[in-house]
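The values are calculated or read from the model by the stated rules, or taken from the named source; none is laboratory data. No experiment lies behind these values; they were computed from the predicted model shown. Counting neighbours? That spans all protein chains shown, and the Cβs are built from the backbone with ideal geometry, glycine included.
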Amino acid sequence: MSIAKLPSGHYRVRIWAKRKLYGKVFDTLKEAEEYQSFIIRNRDMIGKAENVFNEDLTISVKVDNLLDGYGKIKQQYINDELCKIDKMSGTAFEEYCIMLLEISDVLPKSNYSKTRKSGDYGADIIINHCNKVKVSVQCKRLKDNPVRIEAIQEVVGSKKIYHTNKCMVITNSRFTENAVSLALANDVLLIDRERLIKLIELKYEKCKKINSGKYWSKLCEVLS
């Protein structure tokens, strides 16, 4: 595929592709309602080609239209993920958090392990990082209420039990002001709903390029 910007502000996209390589991706994309509406809006520009992956084709479209179409697909994906999260059990949310951190790769070369279900001493997940950093993680899947200060106290206390030197709390909700204040005083990384969405976006984009040795500051930077 080649892309060239035209004087009119359009982008010319020339695609040479085999259905064997891209067919499945394209077929999945065609099922999305946002894709169908995108095609309808840009039918005159796209033309009457039945299958862009079976022939050479030059398409001129406004880049804003492309961003609008694919942005809606991405947003729908995020909304679907949040809907699933809000209906999860606490245990399922813990598993989801592990999967999300692994796929987004914000903590590269790390091992994730769950603590026992009862009597977990304030941590649901322990992360062992390659440069000898251990992280206690508490996961709070809540319906409407914010995460209170007790969760911060628990995860801070878990550091002595599990011999960790960092800790974080992940939630699909928000944190009370007291919880935020105590977290700041104890260097606890808080991942609220907005930051959770950023991790979901990393998952969507399959971001695998965060390999800084200063992984903790990099994670904070990504989520800031």
* Structure fact -> Among (1) surrounded by fewer than 16 Cβ atoms within 10 Å (Cβ to Cβ); (2) modelled with pLDDT of 80 or more; (3) polar (S, T, N, Q), residue 65 falls short only on (2)
* To do: Hey, could you check the range 123-158 for residues that are of a type in the set (Lys, Arg) and modelled with pLDDT of 95 or more and say which is surrounded by the fewest Cβ atoms within 10 Å (Cβ to Cβ)?
  => 148
* Structure fact -> The one condition residue 180 fails out of (1) under 18 Å from residue 196 (Cβ atoms); (2) out of contact with any helix residue (DSSP H, G or I) (no Cβ under 9 Å at 6 or more places or on another chain); (3) free of Cβ contacts under 8 Å to residues at least 12 places away in the same chain; (4) in the same structural domain as residue 199 (by TED's automatic domain parsing) is (2)
* Structure fact -> Taking first residues from the range 74-101 that are polar (S, T, N, Q) and second residues anywhere that are surrounded by 13 or more Cβ atoms within 10 Å (Cβ to Cβ), the pairs with Cβ under 7 Å that are 6 or more apart or on different chains are 76/34
* Asked: With 120, 105 as the choices, which residue is of a type outside the set (Ser, Thr, Tyr), crowded, with 16+ Cβ neighbours inside 10 Å and within 15 Å of the chain's Cα centre (by Cα)?
  -> 105
* Structure fact -> For residue 186, the lone unmet condition from (1) at pLDDT 95 or above; (2) closer than 26 Å to residue 86 by Cα is (2)
* Scan the range 108-117 for residues that are assigned to a strand (DSSP E or B), buried (at least 16 other Cβ atoms within 10 Å of the Cβ) and not basic (Lys, Arg) and report the count. => 2
* Quick one: is residue 143 out of contact with any Asp or Glu (no Cβ under 9 Å at 6 or more places or on another chain) and basic (Lys, Arg)? -> no
* Asked: When you go through (1) part of a helix (DSSP H, G or I); (2) under 25 Å from residue 84 (Cα atoms); (3) out of contact with any Lys or Arg (no Cβ under 7 Å at 6 or more places or on another chain) one by one for residue 100, which number turns out not to apply?
  -> (3)
